[in-house]
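Participant: Shown below is the structure under consideration.
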Amino acid sequence: MLQELFGYLSYYIPELMCIVLMTTLLVAEASVKDEHGSRDKIYAYAIAVLGLTLIPLCQNMGKNPVHIFHNAITIDAFSTLVKIIMVLGTMGAIWLSRSSRDIYTNLKSEFAIMAVGVLIGGMLLASANNMLTVYLGIETLSILSYVMSSLKRDESTSTEAGMKYALYGGLSAGVALFGISHLYGTLGSIQFVEMMPKLAGLEGGRLAIVLISFLMFFVGIGYKISLFPFHMWTPDVYQGSPIPVTAFFSIVPKMAGLATLVRVSFVFFTDGSALTVSWIGLMLVISAMTMTVGNVTAIGQSSVKRLLAFSSIGHVGMMILGVVVLNEVGVQAILFYGISYLFMTLIAFYITSHLSDMYGTDTYDVFKGLIYKHPVMAIIMASVLFSLAGMPPFSGFIAKFNIFSVVIEKKYYGIAIVAAVNSVISLYYYMKLAKIMVFGKSDGEERVLGFTFQNQAVIVALFIPVVVLGIFWEQVMVLSGNASVFIK
Amino acid sequence: MNGILNWILWLPIIGMVGVLLTPKAKDNVVRMVTLVTTAITLILTVVLYMNFDTAEPGIQFAFKVPWIAQFHINYSLGIDGITLPMTFLNALLFFICTLSSWTVDKNVKGYFALLLMLQSTVFGVFFSLDFFLFYVYWEVMLLPMFFLIGVWGGENREYAAIKFFLYTFFGSIFMLVGIVALYYATGKSEDSFNIIALQGGRFTELTLDIFGSTVSFEKLFFWFMFLGFAVKVPVFPFHTWLPHAHVQAPTAVSVILAGVLLKMGTYGFLRIAFPIFPAAAVEYSTIIAVLGLISVIYGAFCAMAQDDVKKLVAYSSVSHMGFVMLGLSAMTIQGMNGAVLQMFNHGTSTAMMFLLIGILYERSHHRWIVKPDGSKGFGGLYTTLPKYSVVFIIGMFASLGLPGLSGFISEALIFLGIYQRFTTITVIAVVGLLIGAAYLLWMFKRMFFGEVNPECEEYEDMNAREIFYMVPLCICVVVFGIFPSPLLNVMKASVGQLVDLLAKFS
């Protein structure tokens, strides 16, 4: 028994490493005396350990899927790839927080600690194999997120963001828990594998209860990945939070929530029953609304952070189309989208962060005439914006192409048209920003920008995958394809 | 010889890298690098022409390597008789545009780098035989255009650049949906993205269920493709981006836009929409003809109403591309040949017009035939600028279709072709020619005759550089007007093959 448990732990090394990292960071932070000198060491330590977790994660990619801890956790290629994306996102956010002026200097180590904590929750969600683990994951991820969003503590917007996030998040987690308990009451189990066969024999009132409970459960996940109509908190929280936090929020919790959505959908809705058909219909409508609301609202924004927030809603609407098709290529498309979205989002936030630190605001105007002040960064930012809109030869195009491809394979032409029109809308607002950057005359006062050599190197390094995945994307497609073959 | 297309395609990119590596403030080096690159490209296209087998209707100089093997996407290039004139036109116009852009002095490096990138992507669109590759080039082409119009354009350049970009993107995203649908309709097989293998009416019988009703696959996706290409041509009612883009773009970019980029739209019909969906093309040829006719007449009337001479020529492009659409809808040997010939001839004649307007603009800094305050913008140019006037007359008469110059032959062929199918449309379209002659001659009268405007006395006549780059276009216009067979011979076989295919479905 004990031996078995230790055997399982070998699959759980990445999570354990993160837990150790979080605790040691807490201790290290508390014992730091010289504020400025040691802070860099803390960053180096956090990023190094996160980097090291990639090694066991990559090893797990190749292993056969296993259920560990009495079926509570699944370690398979899918969850592992999602974890890799999340670890990279966390590393990126922590590195960004180092130079960001949006987080007060004495709170920077706290940011790293909490980011690692959220990451642990996200990893739990990605591997969750029963309802309880899902709930645990959601809560671990959320509670620290509430604090993170109010890190800029003497600004009212940040406090508002934290409050709003906590209220919405708490409510949605409660609703989800309510749904989970009803599911348990009706089906008599919280294990995914045991729940599915029991679903088939349901009739009448019990089926209705199960349906309502499922809806409640999805409300919880919908809030986390900000699907329409549960997206209202997103812009305010994104705008109020410090930029590194916003960058972090738009990657890690989103990927974790999507992973859960994928796994739960695949457990329950693969039999072609009436339940599945109505769920597909519902998800198609939600996807169309999420995309459209996100993109149309993004047009009118004047703050770059809000723009990226609304556009991230649009991207999630696009990504969940990969869930709706309920097949392996759909998951493959989501994973590729996630990988490509990770790099694009990080670059967009890096550059926005440096500029808003410079000018103390994040309106479009800070991008004015960037091409004359810093041509390389302007070209990279413009390319990333075009990539986000889905223009070749960048990775965003391939990501969108894959989504189109899986949707059309299922012959959902209506939603394909909606997605196409949404691409045009998103191009419009991304181009508005690109236009200001490239065509706008800078206001004459040429200030030196805060792009240090290190930061520039990181941005360029992040930009390489955006281009490479747009041209030679086969390897990553194969990788995501392998990760999408998971047991049901 | 199989690698020659690769050389033509990638040479401009090599040139672009060369331009970017040139140190700052060496503007003349940048210009020379660009000029040499475009010159070598032009020579290579001549070599291509020499080695071209005019008897062969299919693809020549094919080059194919796998790109994304999992999806059967290939890097597949090749040309046929329809592509070759476009290739030559592209190489020629970029060479000339480099010379005409010699006076650009705002951010020279960026300008020429983007110009070379644009040339490469346009070649890519013409050479691609893989649908995915085609789409990538079709879209990437927008990026250099966006910046060329947006940074180096006129006063209202931002609006024009965004409008141009969004319109084309809107059309092409529908094309993307069509491409993916074709991929699955062919069962994800080896040839799913192979444009040539998709041709020949393979989808005539295929049907789809959409919202409970049965729809023909071919008819539905013909319109998806139509949307993608019609925006580019542009066919009425998708033409509204064109006047803005033309008026705001710098001279060389206007030339490229009217000379080559518009042809990509009609080329798309010839290479993709018609051969892949022949039955739908035949069935809807009347609609295409009517839209073409509206473009001809409406474009001509719009041109007549313009006070800005560049806008006038821009609208005349709408009108002339309408003739190409008419020729395509005829689906006869004469009509199709006329259409392809018109694509080439419009490329040369309209390039002349835009270049000449650019030359004048450099002297006058305005383009008003009649200024907004009602006074004459120009007058008596014929006496002050004799050389300029001679070249202008050649370009203008080629544009309005005077017999003996290039425009006449292609328009005559189009009318010959379409008369066999749509008699009424032919008769109305002839009126379009008349209006065309009217607005061009009226413009000429107002600008070149009459009292000499005092401002115009100080203008210098064309200098040696300007004469040098106008000469090749004059030669094209005159020689192909009298002796079009070098072009017709090249395209004959390929066009014949397409017409035979379409005939099977009518």
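Conditions tested, residue by residue: (1) more than 19 Å from B:Ala197 (Cβ to Cβ); (2) crowded, with 24+ Cβ neighbours inside 10 Å; (3) at pLDDT below 90.
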position: B:Val253; (1), (2), (3): yes, yes, no
position: B:Ile256; (1), (2), (3): yes, yes, no
position: B:Lys263; (1), (2), (3): yes, yes, no
position: B:Phe274; (1), (2), (3): no, yes, no
position: B:Tyr284; (1), (2), (3): yes, no, no
position: B:Ile288; (1), (2), (3): yes, no, no
position: B:Ser295; (1), (2), (3): yes, yes, no
position: B:Ala300; (1), (2), (3): yes, yes, no
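Participant: Using beta carbons and a limit of 6 Å, which pairs, at least six apart or on different chains, have the first residue in the stretch B:203-221 and more than 12 Å from chain A (Cβ to nearest Cβ) and the second one assigned to a strand (DSSP E or B)?
Facilitator: What qualifies is B:Thr214/B:Thr207; B:Ser216/B:Thr207.
Quick grid of which residues meet (1) facing chain B (nearest Cβ under 8 Å); (2) at pLDDT below 90; (3) open to solvent by less than 10 Å² (accessible area, probe 1.4 Å); (4) more than 17 Å from A:Met477 (Cα to Cα):
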| residue | (1), (2), (3), (4) |
| --- | --- |
| A:Val376 | no, yes, no, yes |
| A:Ala382 | no, no, yes, yes |
| A:Ser387 | no, no, yes, yes |
| A:Gly396 | no, no, yes, no |
| A:Phe404 | yes, no, yes, no |
| A:Lys410 | no, yes, no, yes |
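Participant: Taking interchain pairs and intrachain pairs at least six residues apart, which have beta carbon atoms under 7 angstrom, with the first residue in the stretch A:105-117 and free of Cβ contacts under 8 Å to residues at least 40 places away in the same chain and the second open to solvent by 20 Å² or more (accessible area, probe 1.4 Å)?
Facilitator: A:Met114/A:Leu144; A:Met114/A:Val147
Participant: Please list, ordered by first then second residue, the pairs with beta carbon atoms under 7 Å, 6 or more apart or interchain, first in the stretch B:427-439 and over 19 Å from B:Gly327 (Cα atoms), second at pLDDT below 90.
Facilitator: From residues that are over 19 Å from B:Gly327 (Cα atoms), the pairs are B:Ala437/B:Leu400.
Participant: Also, I was wondering about something else. Restricting the search to the stretch B:70-86, which residues are assigned to a helix (DSSP H, G or I) and either farther than 19 Å from B:Leu270 by Cα or at pLDDT below 85 (or both)? Before you say what the answer is, go through the steps one by one.
Facilitator: Of the residues in the stretch B:70-86, the ones assigned to a helix (DSSP H, G or I) are B:70-71, B:83-86.
Answer for the stretch B:70-86, where residues must be assigned to a helix (DSSP H, G or I) and either farther than 19 Å from B:Leu270 by Cα or at pLDDT below 85 (or both): B:Gln70, B:Phe71.
Each row is one residue, and each column tells you yes or no for (1) free of Cβ contacts under 8 Å to residues at least 24 places away in the same chain; (2) within 30 Å of B:Ile195 (Cβ to Cβ); (3) open to solvent by less than 60 Å² (accessible area, probe 1.4 Å).
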residue: B:Phe448; (1), (2), (3): no, no, yes
residue: B:Ile475; (1), (2), (3): yes, no, no
residue: B:Val495; (1), (2), (3): no, yes, yes
residue: B:Ser506; (1), (2), (3): no, yes, no
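One line per residue, one yes/no per condition, for (1) open to solvent by less than 10 Å² (accessible area, probe 1.4 Å); (2) touching a strand residue (DSSP E or B) at 6+ places or on another chain (Cβ under 8 Å); (3) not aliphatic (A, V, I, L, M):
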site: B:Phe165; (1), (2), (3): yes, no, yes
site: B:Thr168; (1), (2), (3): yes, no, yes
site: B:Ala181; (1), (2), (3): yes, no, no
site: B:Tyr184; (1), (2), (3): no, no, yes
site: B:Phe193; (1), (2), (3): yes, yes, yes
site: B:Ala197; (1), (2), (3): no, no, no
site: B:Arg202; (1), (2), (3): no, no, yes
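Participant: Which condition does B:Phe378 not pass, out of (1) touching a residue at least 12 places away in the same chain (Cβ under 8 Å); (2) in a loop (DSSP other than H, G, I, E, B); (3) surrounded by fewer than 24 Cβ atoms within 10 Å (Cβ to Cβ), if it passes all the others?
Facilitator: Status for B:Phe378: all satisfied but (3).
Participant: If B:Val231 satisfies every condition in (1) closer than 29 Å to B:Thr423 by Cβ; (2) within 14 Å of chain A (Cβ to nearest Cβ) but one, which is the exception?
Facilitator: All conditions pass for B:Val231, except number (1).
Participant: If you check B:Leu115, B:Leu84, which single one turns out to be within 19 Å of B:Lys24 (Cα to Cα) and under 17 Å from the mean Cα position of the chain (by Cα)? If you could, list the steps in order and put the result at the bottom.
Facilitator: Numbers: B:Leu84 fails: within 19 Å of B:Lys24 (Cα to Cα).
The match here is B:Leu115.
Participant: Return the residue satisfying two criteria in turn: it lies in the stretch A:428-445 and is facing chain B (nearest Cβ under 9 Å) and among the basic types (Lys, Arg), and of such residues it is farthest from A:Ser287 (Cα to Cα).
Facilitator: A:Lys435
Participant: Let me confirm something: among B:Met462, B:Met396, which residue is surrounded by 15 or more Cβ atoms within 10 Å (Cβ to Cβ) and assigned to a loop (DSSP other than H, G, I, E, B)? So that I can check it myself, show each step before the final result.
Facilitator: Details: B:Met396 fails: assigned to a loop (DSSP other than H, G, I, E, B).
On inspection, the qualifying residue turns out to be B:Met462.
Participant: Checking the conditions here, which among A:Ile425, A:Ile339, A:Ile417, A:Ile371 is within 9 Å of chain B (Cβ to nearest Cβ), open to solvent by 10 Å² or more (accessible area, probe 1.4 Å) and touching a residue at least 60 places away in the same chain (Cβ under 8 Å)? Let's see the steps before the verdict.
Facilitator: On the way: A:Ile425 fails: within 9 Å of chain B (Cβ to nearest Cβ); A:Ile339 fails: within 9 Å of chain B (Cβ to nearest Cβ); A:Ile417 fails: touching a residue at least 60 places away in the same chain (Cβ under 8 Å).
Only one candidate qualifies: A:Ile371.
Participant: What number of residues within the stretch A:58-83 are of a type in the set (A, V, I, L, M), assigned to a helix (DSSP H, G or I) and crowded, with 23+ Cβ neighbours inside 10 Å? Let's see the steps before the verdict.
Facilitator: Looking only at the stretch A:58-83, we keep the residues that are of a type in the set (A, V, I, L, M), and these are A:61, A:66, A:68, A:72-73, A:75, A:77, A:81-82.
When the remaining residues are screened for being assigned to a helix (DSSP H, G or I), the result is A:61, A:77, A:81-82.
Now restrict to residues that are crowded, with 23+ Cβ neighbours inside 10 Å: A:81-82.
Number satisfying all stated conditions: 2.
Participant: If you don't mind, there's one more thing I want to ask. Would you call A:Ala77 of a type in the set (Gly, Ala, Ser) and farther than 25 Å from A:Val134 by Cβ?
Facilitator: Numbers: of a type in the set (Gly, Ala, Ser): yes; farther than 25 Å from A:Val134 by Cβ: no.
For A:Ala77, the condition - of a type in the set (Gly, Ala, Ser) and farther than 25 Å from A:Val134 by Cβ - is not met.
Participant: Next question. Just the residues that are under 15 Å from B:Gly124 (Cβ atoms) and either assigned to a loop (DSSP other than H, G, I, E, B) or among the charged types (D, E, K, R) (or both), please, taken from the stretch B:51-69.
Facilitator: Within the stretch B:51-69, just B:Lys64 meets the criteria.
Participant: How about the stretch A:187-204: which of its residues are under 16 Å from A:Leu275 (Cα atoms) and either in contact with a strand residue (DSSP E or B) (Cβ under 7 Å, 6 or more places away or on another chain) or in a helix (DSSP H, G or I) (or both)?
Facilitator: Pass one, the stretch A:187-204, residues under 16 Å from A:Leu275 (Cα atoms): A:187, A:195-204.
A:Leu187, A:Met195, A:Met196, A:Pro197, A:Lys198, A:Leu199, A:Ala200, A:Gly204, listed by residue number.
Participant: Something else now. Name the pairs whose Cβ atoms lie under 7 Å apart, with the first residue in the stretch B:49-69 and within 14 Å of chain A (Cβ to nearest Cβ), the second open to solvent by less than 60 Å² (accessible area, probe 1.4 Å) and charged (D, E, K, R), and 6 or more positions between them or separate chains?
Facilitator: Taking only residues 6 or more apart or on different chains, the pairs are B:Ile68/A:Glu474; B:Ala69/A:Glu474.
Participant: Please state which one of A:Ser226, A:Ser172, A:Ser158, A:Ser181 is of a type in the set (Gly, Ala, Ser) and assigned to a loop (DSSP other than H, G, I, E, B).
Facilitator: Details: A:Ser172 fails: assigned to a loop (DSSP other than H, G, I, E, B); A:Ser158 fails: assigned to a loop (DSSP other than H, G, I, E, B); A:Ser181 fails: assigned to a loop (DSSP other than H, G, I, E, B).
Result: A:Ser226 is the single residue among A:Ser226, A:Ser172, A:Ser158, A:Ser181 that is of a type in the set (Gly, Ala, Ser) and assigned to a loop (DSSP other than H, G, I, E, B).
Participant: While we're looking at this one, here's another question. Would you confirm, using the coordinates I've provided, whether B:Leu114 is crowded, with 20+ Cβ neighbours inside 10 Å and either touching a residue at least 24 places away in the same chain (Cβ under 8 Å) or among the basic types (Lys, Arg) (or both)? Spell out the reasoning first.
Facilitator: Details: crowded, with 20+ Cβ neighbours inside 10 Å: yes; either touching a residue at least 24 places away in the same chain (Cβ under 8 Å) or among the basic types (Lys, Arg) (or both): yes.
Here the answer is yes, as B:Leu114 does meet what is asked.
Participant: Are any residues in the stretch B:144-182 outside any helix (DSSP H, G or I) and either within 21 Å of the chain's Cα centre (by Cα) or facing chain A (nearest Cβ under 9 Å) (or both), and if so, which ones?
Facilitator: At the first step, the residues of the stretch B:144-182 found to be outside any helix (DSSP H, G or I) are B:153-156.
Listed by number, the list holds a single entry, B:Gly153.
The values are calculated or read from the model by the stated rules, or taken from the named source; none is laboratory data. Everything numeric in this text was worked out from a predicted model, so none of it was measured. Cβ sites come from the backbone with ideal geometry, for glycine too, and all protein chains shown count toward neighbours. Just so you know, the surface numbers come from the protein's heavy atoms only, side chains and all, with ligands and any DNA or RNA stripped out. Shrake-Rupley method; radii C 1.70, N 1.55, O 1.52, S 1.80 Å.
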